[in-house]
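To keep things clear, I will list the structure first and then write my remarks on it.
The values are calculated or read from the model by the stated rules, or taken from the named source; none is laboratory data. Being a predicted model, the structure only gives us computed values, none of them experimental. Cβ placement follows ideal geometry from the backbone for every residue including glycine, while neighbour counts extend to all protein chains displayed.
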Amino acid sequence: MRILVIDDDVTLLWSLCNTLRRWGSNVEASTGARAGVRMLASSSFDVVLLDYRMPDHDGIWFLRNAIIPEETRVILMSGYVDPQALTELRSMGVGDVLEKPFSEAELQDRLHKVSVEATRRQQAEYKQTGKEQITREEVHAAHAVDRNGRSHHYGAAAPQAA
């Protein structure tokens, strides 16, 4: 899974990137919304983990200025989002909200939902184009779980127990 993480908190950014890489994701990071817009324009991502409050611009500015492909999912990360802003954010494409501080399990759950959604979307596209459907084995491989119960998305190899 290709993930773009945008957060001005460098410690959280570093921690998230390391965790996501450990889970087998390909991760790029940005410390601001403006740079995140440029990164999204030059590369494709399955997921954007977006901080709501940043010094250069907020999450709403990012959503208004970024060209987000239909298949890219946006998960907002924030300590507080007012309900009115949340309604606006959802109408702009935010699919989910992770309230800070969040656990690895919560992050993993949200990414698993994105992975399942992507598989369903891909199956629907196959049906529309007349291509062969994804097999159960391919779906299982896309959502592999290692012996410690950690999910590994999009066929990332599960780590071997030592």
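Here are some notes:
- Any hit, the stretch 38-51, residues being over 15 Å from the mean Cα position of the chain (by Cα), closer than 20 Å to E70 by Cα and not aliphatic (A, V, I, L, M): yes
- Across the stretch 96-111, a minimum of one residue is classified as at pLDDT 80 or above, part of a strand (DSSP E or B), surrounded by 13 or more Cβ atoms within 10 Å (Cβ to Cβ) and not β-branched (V, I, T).
- Of the candidates A33, A66, A41, the single residue that is hydrophobic (A, V, I, L, M, F, W, C), surrounded by fewer than 20 Cβ atoms within 10 Å (Cβ to Cβ), more than 19 Å from S15 (Cβ to Cβ) and modelled with pLDDT of 85 or more is A41.
- Residues within the stretch 23-48 that are touching a residue at least 60 places away in the same chain (Cβ under 8 Å) and on the phi < 0 side of the Ramachandran plot, tallied: 4
- Selection status of A144, surrounded by 13 or more Cβ atoms within 10 Å (Cβ to Cβ), assigned to a strand (DSSP E or B) and modelled with pLDDT under 80: yes
- Out of R73, R110, one residue alone is closer than 17 Å to G36 by Cα and in contact (Cβ under 8 Å) with a residue 12 or more places away in the chain. It is R73.
- Considering residues of the stretch 77-95 that are of a type in the set (G, A, S) and in a helix (DSSP H, G or I) only, the residue surrounded by the most Cβ atoms within 10 Å (Cβ to Cβ): A85
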